Amino acid sequence: MARKWLRIKGVLISTAACCVVSSTVPAAFARTATAPAEMGAETQGTVALARLPREAVGTLNLIAAGGPYPYEKDGIVFGNRERLLPGHRRGYYHEYTVPTPRSRNRGARRIVCGGPLQRTDNCYYSDDHYTSFNRIVE
């Protein structure tokens, strides 16, 4: 029997580990894939640009302008070690901090963009420090 995976509220669960999944789980919280290594674009949700926090829109504007960035680590290579984003060669993705109001550090919010620097048409938003991503759409 092939092992199936179920994602509920950002948690990946093997269907072999549980025997009953309630049919009342909202479709927005459940996505399936054949295995974690094959995950990528099919496990991503989307978020409209208009629905992003204003700080995220500001970060996207800084990315398009090429900076300057407020945090030293902005623009560094994002390794995609968890393989939650579509697979590409190392160096394809770069990460940027989305400021969190009243946070004493960088907070958990990030934007990760793929492709050439200053390109913002292939970006993902994470508000939980890379646990989950939503592709940013217009």
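The values are calculated or read from the model by the stated rules, or taken from the named source; none is laboratory data. Since we're looking at a predicted model, the values are computed, not measured. For neighbour counting, all protein chains shown are included, and Cβ atoms are generated from backbone atoms with ideal geometry for every residue, glycine included.
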| So which residues in the range 75-102 are of a type in the set (D, E, K, R) and in contact with a helix residue (DSSP H, G or I) (Cβ under 8 Å, 6 or more places away or on another chain), if there are any at all? | 83
| Where in the range 69-138 are the strands (runs of 3 or more DSSP E), entirely inside, with at least 2 residues that are of a type outside the set (Ser, Thr, Tyr)? | 93-97, 110-114, 134-137
| field | Matching residues in the range 87-138 - criterion: being free of Cβ contacts under 8 Å to residues at least 40 places away in the same chain, surrounded by 16 or more Cβ atoms within 10 Å (Cβ to Cβ) and farther than 18 Å from residue 73 by Cα | value | 122
| remark: Given the conditions (1) among the hydrophobic types (A, V, I, L, M, F, W, C); (2) at pLDDT below 90; (3) touching a strand residue (DSSP E or B) at 6+ places or on another chain (Cβ under 8 Å), every one holds for residue 47 apart from (2)
| Is at least one residue of the range 6-25 in a loop (DSSP other than H, G, I, E, B), modelled with pLDDT under 90, within 18 Å of residue 125 (Cβ to Cβ) and among the charged types (D, E, K, R)? | yes
| request: Identify all residues within the range 108-138 that are small (Gly, Ala, Ser) and under 19 Å from residue 51 (Cα atoms); write none if there are none. | output: 108, 126, 132
